[in-house]
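Below is one structure; the comments refer to it alone.
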Amino acid sequence: MESLHKVMDVNFFGHVAMTKKFLPLLIAKRDSRVVNICSVAGYLSLSNMTAYCASKYALESFSDCLRREMVPWGLRVSIIEPGFMRTKIIQGDGRSFSEFWQNLSTDVQERWGEDFTKARLIAARNNLFLKHAEDPMKVVRALQHAVTNAVPRIRYRPGWQSSMIFFPLSMLPAWSVDWVFSKLTKSTLAPASISKQHKELS
């Protein structure tokens, strides 16, 4: 919960607080802009990214509400939804697995097990999209367009990951997206509590 609160504070409440602070100035002059950098995780939920996805979904919704509420003042709100970019966020927090594992609650450790958790983290670090993370200048160019163009877009999806892979995938029926992700994250190991249940039944 502490981690969830921290991510929500940075990725959602920080944006909301800053927007509300400057909103009186923004609506004092027509054609002002708000540009929120969101993520593909704001429209497509990925496993092992609960806090991040929840915060980005919240920011997407806030941005849509703000745009529709501010129509009488002519405030333009744009959302930028990049995929994986070559920034520090994809490098992790620098902790070793043992440090990460020790910070998990006993309940979580017993449910998932050390072997399964370690395998999932290794698989996540070897993710194809992480390995082919894109140039962050694509996001900068989207920002530039949103700020300077006479007719900014409501949504920008810079890069091939967001525009050609993740967004089309998000348009498929939920069961098919679940199937794709289950194949991408399939493991030969089972969580510890599942293995324990199987042993008790056999």
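The values are calculated or read from the model by the stated rules, or taken from the named source; none is laboratory data. All figures in this text were calculated on a predicted structure; none of them were measured in a lab. Backbone-built Cβ (ideal geometry, glycine too); neighbour counts: all protein chains shown.
Determine the pairs where a residue that is part of a strand (DSSP E or B) and modelled with pLDDT of 95 or more, located within segment 68-80, has a partner that is polar (S, T, N, Q) and surrounded by 14 or more Cβ atoms within 10 Å (Cβ to Cβ) with Cβ atoms under 6 Å apart, the partner being 6 or more residues away or on another chain.
V77/S63; I79/N36; I79/S63
Going by what's in this entry, would L104 be described as in a loop (DSSP other than H, G, I, E, B) and either touching a Ser or Thr at 6+ places or on another chain (Cβ under 8 Å) or not assigned by TED's automatic domain parsing to the domain that holds I27 (or both)? Write out each step before concluding.
Details: in a loop (DSSP other than H, G, I, E, B): yes; either touching a Ser or Thr at 6+ places or on another chain (Cβ under 8 Å) or not assigned by TED's automatic domain parsing to the domain that holds I27 (or both): yes.
Yes.
Got a number for residues in segment 124-140 being among the basic types (K, R) and surrounded by 13 or more Cβ atoms within 10 Å (Cβ to Cβ)?
Of segment 124-140, the ones among the basic types (K, R) are 125, 131, 138.
Now drop any that are not surrounded by 13 or more Cβ atoms within 10 Å (Cβ to Cβ), which leaves 138.
Qualifying residue count for the region: 1.
Can you tell me which of L121, L104 is surrounded by 11 or more Cβ atoms within 10 Å (Cβ to Cβ), under 20 Å from the mean Cα position of the chain (by Cα), closer than 26 Å to L184 by Cα and free of Cβ contacts under 8 Å to residues at least 40 places away in the same chain?
On the way: L104 fails: under 20 Å from the mean Cα position of the chain (by Cα).
On inspection, the qualifying residue turns out to be L121.
Restricting to segment 46-55, count the residues that are in contact with a Phe, Trp or Tyr (Cβ under 8 Å, 6 or more places away or on another chain) and surrounded by 18 or more Cβ atoms within 10 Å (Cβ to Cβ). Spell out how you get there, then give the answer.
Just the residues of segment 46-55 that are in contact with a Phe, Trp or Tyr (Cβ under 8 Å, 6 or more places away or on another chain), to begin with: 46-47, 55.
In the following step, the residues that additionally are surrounded by 18 or more Cβ atoms within 10 Å (Cβ to Cβ) were identified as 46, 55.
Adding up the residues that qualify gives 2.
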